[in-house]
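The structure appears below as structure tokens.
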Amino acid sequence: MNDSTRSVKRTFSSLTQRHIASLVLALIASTAMIPGMTTYLPLTASDQVAVPILLFPFIWTGLFVYAYMADKAWHATVLMLILTISHGLMAYFAVT
């Protein structure tokens, strides 16, 4: 088989979108998850604040890696937008 007849799967398609998702959206989503997680964690008040802060590096790393390893670039973007919006709304409704 020559190169023109077989399909070549590129691992990193839409590289610009993956860079934006990994650098910007991963940071925004993981930061927005900290106050959002305090609304649904079944822990004491001090642990509800401490656990999300301690998990922040792991959440950010997971989202960063997922931005590059997702099958399609838009999957990571949509996931991070959903996480940001949902945790932002949970934090907003907890305050109001």
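Bear in mind these aren't lab numbers, they're just calculated from the coordinates by the rules spelled out. It should be emphasised that the depicted structure is a prediction, and the values quoted were computed from it without experimental measurement. Here the Cβ is made from the backbone with ideal geometry for all residues, glycine too, and neighbour counts use every protein chain on show.
Could you work out which residue, out of ALA50, ALA76, ALA32, moves most in a Gaussian network model of the chain, that is, has the largest mean-square fluctuation with Cα springs under 10 Å?
Per the Cα network of the chain with a 10 Å cutoff, ALA50 tops the list.
State which stretch of the chain is the longest one without any exposed chymotrypsin sites (Phe, Trp or Tyr not before Pro), exposure meaning a DSSP loop state and at most 15 other Cβ atoms within 10 Å.
Free of exposed loop sites, the longest segment is 41-96.
Using just the helices of the chain, give the 222 nm mean residue ellipticity in deg cm²/dmol: DSSP H runs with n ≥ 4 each add -39,500 (n - 2.57), and the total is spread over all residues, rounded to 500. All intermediate terms of the calculation are to be shown ahead of the outcome.
On the way: 4 runs with 66 residues, N = 96.
Per the formula, -23000 deg cm²/dmol.
Obtain the radius of gyration and the Kirkwood radius of the range 15-95 from its C-alpha atoms and give Rg over Rh.
Expressed as Rg/Rh, it is 1.02.
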